[in-house]
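Structure, as C-alpha cells:
Rule-based calculations on the coordinates, nothing more; no lab input. Note that this is a predicted model, so its numbers are computed, not measured. Cβ placement follows ideal geometry from the backbone for every residue including glycine, while neighbour counts extend to all protein chains displayed.
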Amino acid sequence: MIYDNQGEYDKALEYHLKSLEIKRLVFGENHSSLVTIYNNIAATYRNQGEYNKALEYYLKSLEIGKLASGENHQNIAVSYNDIGSVYNAQGDYENALEYLIKALEAYKAVSESHPQIIKIQEEILEINRT
C-alpha cells in the first residue's frame, strides 16, 4: 500500500500479486481474506488508468465478498461503488448507474445515514446530467 500511495504502481502490484498468491495457497480460491487483496489490486490498476483490469479484480472481490457476507454488507456496497465509479470513468454510464444504484441500496441497508450515500447520489446526479 505504501508503494501505491507513492505512485509506484508496478512495485505495488508486484507485492499485491505475491500476497494474493500466498493467500490463495493457504486459504483457497474463495476465502474472505482475498476480498481486500483483490480490491487493492483493482485500485492499483484503476490508479494507473487500466480500467478493464481494475474491473476484473473488483468483480472478483465482489464475487467472493457476496459468498462471505451476503448482499447487505458494507464491503459489498464499497465493491458496487468502486465498480460503478470505474464504469463512470470509462464513460459507460449505463453500467455505472446500475452499480451505483446497487451501492446506494447496499449502503442504505447498512445504515440510512451512511456518509457514502450522499456522495453516491451526487455521482448518480452527475451521470444523469451527461
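Some values worked out for this structure:
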| read-out | value |
| --- | --- |
| Folded to 0 to 90 degrees: helix 9-27 orientation relative to the chain principal axis, Cα | 80 degrees |
| Among the listed pairs K11/K119; K23/K53; K23/K66; K60/K102, those beyond 22 Å (Cα-Cα) | K11/K119 |
| Nearby aspartates and glutamates by direct alpha-carbon distance to K108 (threshold 17 angstrom, same-chain neighbours under 8 apart not counted) | E71, D82, E98, E122, E123 |
| Fully extended contour minus Cα-Cα distance, from K66 to S111, at 0.36 nm per residue | 14.4 nm |
| Exposure proxy order (Cβ contacts within 10 Å, fewest to most) of E123, E50 | E50, E123 |
| Cα-based shape type of the chain, given that a ≥ b ≥ c are square roots of the gyration tensor eigenvalues and the cut on a/c is 1.5 | oblate |
| Where labels lie 7 Å past Cα in the beta-carbon direction, separation of I2 and H73 in nm | 3.0 nm |
| Chain lengthening between Q121 and K11 when straightened (0.36 nm per residue, less Cα-Cα) | 36.1 nm |
| Additional length obtainable on full extension of the chain from R129 to S32, 0.36 nm per residue less Cα span | 31.2 nm |
| Residue order, fewest to most beta carbons within 10 Å, for V110, V35 | V110, V35 |
| Cβ-derived FRET efficiency at R0 22 Å, K53 paired with E21, nearest 0.05 | 0.85 |
| Residue-averaged 222 nm ellipticity for the chain, from DSSP H runs of 4+ at -39500 (n - 2.57), nearest 500 | -26500 deg cm²/dmol |
| Largest-first principal axis extents of the Cα set of region 1-69 (Å) | 31, 22, 15 |
